[in-house]
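Written below as C-alpha cells is the structure these notes are about.
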Amino acid sequence: MTPPEAPAAPPAPARPLLAGRAAVVTVYTAAMCMNGLDSTIVNPALFSIAEDFGRPVPAANAVETAFLVGLALGLPVAGWLGDRYGVKRVFLGALSAFTLASALCAAAPGLGALAAARAVQGVAGGLLTPVGMTLLFRAFAPHERAGLGRILIVPTALMPALGPPLGGFVTEHLSWHWLFLVNVPIGAAAVAIGLLGLRGADEPPAGRFDTTGFLLATPGLGLLTYALGFGPAHGWSSPGVALGGIAGLALLGAAVRHQLRTDEPLVDLRLLADRAFGAASWLALLTAAGLMGALFALPLLYQTALGASALDAGLSVFPEAIGLMAASQVVDRLLPRLGPRRLALPALLLAAAVLAALGYAENPWLVRALMFGVGLILGTAVLTVQIAGFADVPPPAMGRAMGLFTILRTLGGALGIAATAALIGAWPTDAGTTPYRLALLLTAALVAAATLLATRLPTDPPGPPPED
C-alpha cells in the first residue's frame, strides 16, 4: 500500500506589490472624498452661478451634467488603462488632472468654460473610482477589507450628502469659486504622498483595446446627454438638441450591438444576462436616478420657489447621509432573516412614498426627517440589492461586473438630474412650486418602478463564503 503523500506546503505569501499601506489609505480616501463631494457640492450653488453669468437656472445644469457624463465616460476604460500603464501611474495621473481641473473651474470666465472644466473633472473622477479600488485591494488582504470598509464609508456615503450643506455654506459666506479651490491643496498633497509612498505593481496583460466600442459609446453618450441637459434651455425642437438626441440614441444602440458581438468588449454587457446581477444593475440605475434627481431638485425648490438661502437648502438634504450610514446596520441585521427580495421590495415602495412627500413638506425639520428616511430606507434597499447581485458572480468576472455596475449607477445619476432639470425647465419661471414638486414625484416614480426588478432578486439570504 502506497503511503499517502505529504500535504503540499502552503505557498509563500506574495510579496506586497504596493508599499506603504497608510499612504494607500490616505491617498485613496483623499481622492474619493474629493470625487464624492464634487458630485453634489455644486447643486446649491447653481442659482448663484446662473446669476453671476447672467444665465437661466436650467442652463446652469450643464455644470452638473458635464461632471456626471465625464464620470461615466472615464469608467469603461479605467480597467484597461490600469492594466496597460500601471495602477499607480493612472491613479496619480487622474488625481492630478482632477486637481488641475478644479483650479480651472474656479477661474472659469463663463458658463461654457466652467462646464468644460467640470467635464475634465468627471473623466478624471471616473478613472479614480475603479482604479483606486484596485489600488486598495492590492494593499490589503481579503480578510482585512471588511474592517477597512467601515472606515471608507466616509468618502462613499458621507461626502456626497455633505456636499449640499457645505456648498450652501461656502456659496453664502464666500463664493461658489471656493467650492473648487478647496480641492487644489488637498489634491496636490495627495499626489505628493502618492509619489513618495506608493510603488508600482506588475500588471496583468491589458488585452486589445476595443476602439470601435469606445468610438461608438463616447460620442453617443455625450450627444444624448447634451440633448437632455440643454433641451430645457434651448428648446427640444432646436436643431442641435433634436439632432444630438437622435444621433446619440443611434450611436448608443450601435455600441450595445457591438459590445454583445465582440470577443473583447470594452464593457461586457453579457453579464447582465445573470438574473440576480442583471436585476441589481438596473435597480442601481433607477435608484441612483431617483436619489440624484431628488438631491438636485430639492435645493432648487427651497431656493427658487420658497426663498431659502443656499445654506438652508443644503442643510435640508444632509440628514440623508446619516440615514445612509445607519442603513448598513439595518441590512446586517435584517438581510440574514428576511432575504434580499423581502427586504428590498417594501424598502423601495416606502422610499418612493417618502420622496413623493418631500415636495409638499415646507417645515425645515420635517424635510430633514424625510431626508433621513430617504437615506435609511433607500439605502437599505440599495445595499441589499448590491449584496444580492454580486453573491453569485464568479471571482474572475468580479472586476468586470463591478465596472459595469458602477457605470450603470453613474449613468442613472446623470439621467436623473437631466430628467428633473428638463421637467423643471419645461415650466414658465413664474410657475411657483409646481415644477419642483412634479420633479420630486418623478424621482419617486423612478424608485417605485424599481420594485418590478426587485421581484427578480433571490428570496434566500446570501450563504456563507465557501471554505478554502
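The values are calculated or read from the model by the stated rules, or taken from the named source; none is laboratory data. What you see is a predicted model, and the numbers here were worked out from it, not measured in a lab. Positions of Cβ are generated from backbone atoms using ideal geometry, with glycine treated the same way; all protein chains shown enter the neighbour counts. Calculation scope for accessible area: heavy atoms of the full protein, side chains included, ligands and nucleic acids excluded. Shrake-Rupley method; radii C 1.70, N 1.55, O 1.52, S 1.80 Å.
Okay, here's what the table says:
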| item | result |
| --- | --- |
| Estimated FRET transfer efficiency when R0 is 45 angstrom, pair residue 51-residue 329 (beta carbons, to 0.05) | 0.60 |
| Pair residue 184, residue 455: separation of 7 Å Cα→Cβ label points (nm) | 5.5 |
| Per-pair calculated FRET efficiency, R0 = 56 Å: residue 237 and residue 337 via Cβ, rounded to 0.05 | 0.55 |
| Surface accessible to a 1.4 Å probe, residue 360 within the full protein complex, Å² | 140 |
| For region 239-256, Karplus couplings with θ = phi - 60° (6.51, -1.76, 1.60), whole Hz, Gly/Pro x | x, x, 5, 5, 5, x, x, 5, 5, x, 5, 5, 5, 5, x, 5, 5, 4 |
| Residue 349-residue 256 FRET efficiency (beta carbon distance; Förster radius 30 Å; 0.05 resolution) | 0.50 |
| log₁₀ of I(q)/I(0) at q = 0.14, 0.25 Å⁻¹ - region 34-104, Debye sum with one point per alpha carbon | -0.55, -1.17 |
| Surface accessible to a 1.4 Å probe, residue 292 within the full protein complex, Å² | 30 |
| Test item: Cα-centred dipole of region 32-105, Lys/Arg +1 and Asp/Glu -1 on Cβ, debye | 340 |
| Shape box of region 239-316 [Cα atoms, principal axes, largest first, Å] | 55, 40, 16 |
| Area of residue 320 that stays accessible when all protein chains are in place (1.4 Å probe, Å², to 10) | 10 |
| Solvent-accessible ranking of 341, 275, largest area first, probe 1.4 Å | 275, 341 |
| Solvent exposure, largest accessible area first (probe 1.4 Å, DNA, RNA and ligands not counted), of 368, 270 | 270, 368 |
